[in-house]
1. How far apart, in nanometres, would the label points at Val259 and Lys350 be if each is projected 7 angstrom from Cα along the Cα-to-Cβ direction?
2. Please turn the phi angles of the range 287-293 into ³J(HN,Hα) values with the Karplus equation 6.51 cos²θ - 1.76 cosθ + 1.60 (θ = phi - 60°), one per residue in order, whole Hz, x for glycine and proline.
3. Once the piece of chain linking Lys182 and Glu370 is laid out straight, how much longer is it, given 0.36 nm per residue of separation minus the C-alpha distance between them?
4. Leaving ligands and nucleic acids out of the surface, order Phe124, Phe567 by accessible area at 1.4 Å, largest first.
5. Pairs Lys506/Lys560; Lys349/Lys564; Lys349/Lys560; Lys48/Lys74: which are spaced more than 24 Å apart, C-alpha to C-alpha?
6. With a 10 Å radius around each residue's Cβ, average the other Cβ atoms per peptide and rank 356-364, 426-434, highest first.
7. Ordering Phe396, Phe337, Phe95 by how much accessible area each has at a 1.4 Å probe, largest first, what is the list?
8. Would you mind getting the accessible area per residue of the range 371-451, heavy atoms of the protein chains only, 1.4 Å probe, in Å²?
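The values are calculated or read from the model by the stated rules, or taken from the named source; none is laboratory data. This is a predicted model, so every value here is computed, not measured. Cβ placement follows ideal geometry from the backbone for every residue including glycine, while neighbour counts extend to all protein chains displayed. The area values use the complete protein model at the heavy-atom level, side chains included, leaving out ligands, DNA and RNA. Shrake-Rupley method; radii C 1.70, N 1.55, O 1.52, S 1.80 Å.
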Amino acid sequence: MAPGSKGKNSKKKPRLTSNSKTEEKPSDQVSRQQGSNASVHIIPLGIKPMVLTSQTQNLFSCVVGTDVSENQRKIFLQKSYVIEDMKKRAAVSDFHPAKQEILNYPEHEILLVYDPEFRYGEQFYMCLTPESKELILKELDVLSIKKTEFTIQEDTISPEPELLSDYSPPVSKPWVSLGSEKEIEEERVMNSRPLITIVTKRLKKSKTPITLADNCDNKDCYAECNSYQQEAEFIKDLQIDIGTEAKVYVEDRSSQATVHHTKRKGVQYQPQYFKESLIEDILTSAGMKEFCENVFPLFEEALLQNEVADVFVNDWLTLGYDDIGLSSTQENHMKEFQSFTDLKFSKKKKVTCISWHPKMNGIVAVSIAENYSLDERINNMSHLTLQPSLILVWSFMDPINPQLLLEAPEDINTFAFNPTTPELVVGGTVNGQLVLWDVTLCADSLQQPKAHVQTEKSNKTFMELQEDKSIITPIVRHCALSNIDQHHKSAVSFLTWLPSFIEVGKQGLVYESCGTSCHQLFTCGSDGALMIWDITSDQKTAVDKTRETNVYSSLDLVWKPLHKCTFSCRITK
């Protein structure tokens, strides 16, 4: 059967089911519902009000006015078609609110009733139980019988003749003013200026008739002059008035401040006198005893401090007022023991690092750099590249001429001798690279410093000794330089050699080493990076004196850190 086909009434015995406990007859219920059509009735059990859209009405052939009306209200729907519609359209289907009741309905046909009076709140309602179906069918039969009887009575009763009343013509009354003339006067349009008068003259030779008319399209006969955009492009704006609004940028700042909350406090401005009995009770009370036990250690400590130091002594009276007291204080200051000066290499330069020789006494190395700021260093970059940086190795035997010069491509910020192999020196530059020197070939000049300077010191002045060209200081060039890409991004601030009994593996584990030489070192820079370096190679760490070549030259420009750790804070010495 197609959806919307009309079936026969069921023959089961009707039974009313509602929210009330007592049952009522169908006729009573029908009369009660017809008497209160203006209000929404109580919905019985098994009745489901429905809202059907026009699309659903067309699908199931229940269009209002065509398929259903006041005389033909009931229509039967196939349960299978309703379930198929809920599956296809899901929640969009109009039957979705009563999905579970439709699935539980035992029969194959569902009764759908058109409700033009909106007794249950909607235009349609469905009977979802067999009992409610029988009850509604009974009500519809009774309603159709009553409508038929009412139609027959209307046809039999003849219309009564209309009673015509006596006609009286209207009588005019005097006009009484209620203030409307003022409103009419205010709404009337008045001329704000005199009308313009135009005088036209016709030429004598002209034979064309004159026709004057108002060419107004609107009913009020006025011409509207609307603004329009001018198409001329040659007009230039000689003066433009532009306004700008200054905006204050919003900033969010915070500061840490201590919050002091107000407190209530009292001050006793007059002594309080107690009776002797009350004073004795207070002194012998347990609270006074506990207070004395807690305060006694602090009181005793204060007394001992007063015995050790006199807090009432005036220190200003003990200070000296003459030069005798000042001369006595100079004995406690450090005195200058030795000074090293070189006018050729260290003049107008600053000292960045000082390191003592780990095995030779009286040997000290000093790194010097140009006393430039960052902007001055950038401006004088060409001058710095032509003049290499040096580390001066001094001996107490010769404070005028350095014993050894270690040449570096950039200014050295820090350096250190190898504790086990002092011939190896590692320095950190201002650009973050590491420099390695091997002074094995020049170790003899450090062990046997020049002594002829001491013999000729009485015969030559200080300037003559500085300009003496016979004294040649050996210059040692670096044998290895770290990789350009794998180094600190800024100046190396500190470096130190690891002890010989500690070694860091490639996996980052620290273990005890059986070696006797130091070959690993730590470096840290102002870029926040901590690096571990290793100077060992597959070749033997020795110098071939015949060829004058160094095995550490294999690390030149390929020397990379073994491990690298970056911190968020800045690392300084």
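1. Simple spin-label model gives 4.6 nm for this pair.
2. After applying 6.51 cos²θ - 1.76 cosθ + 1.60, I find x, 5, 5, 5, 4, 5, 5 Hz.
3. 57.7 nm is the gain from fully extending Lys182 to Glu370.
4. Heavy-atom accessible area, descending, gives Phe567, Phe124.
5. Working: Lys506/Lys560 13 Å; Lys349/Lys564 33 Å; Lys349/Lys560 31 Å; Lys48/Lys74 14 Å.
Beyond 24 Å between Cα atoms: Lys349/Lys564; Lys349/Lys560.
6. Ranking, from highest mean packing down: 426-434, 356-364.
7. Phe337, Phe396, Phe95
8. The answer is 40 Å² per residue.
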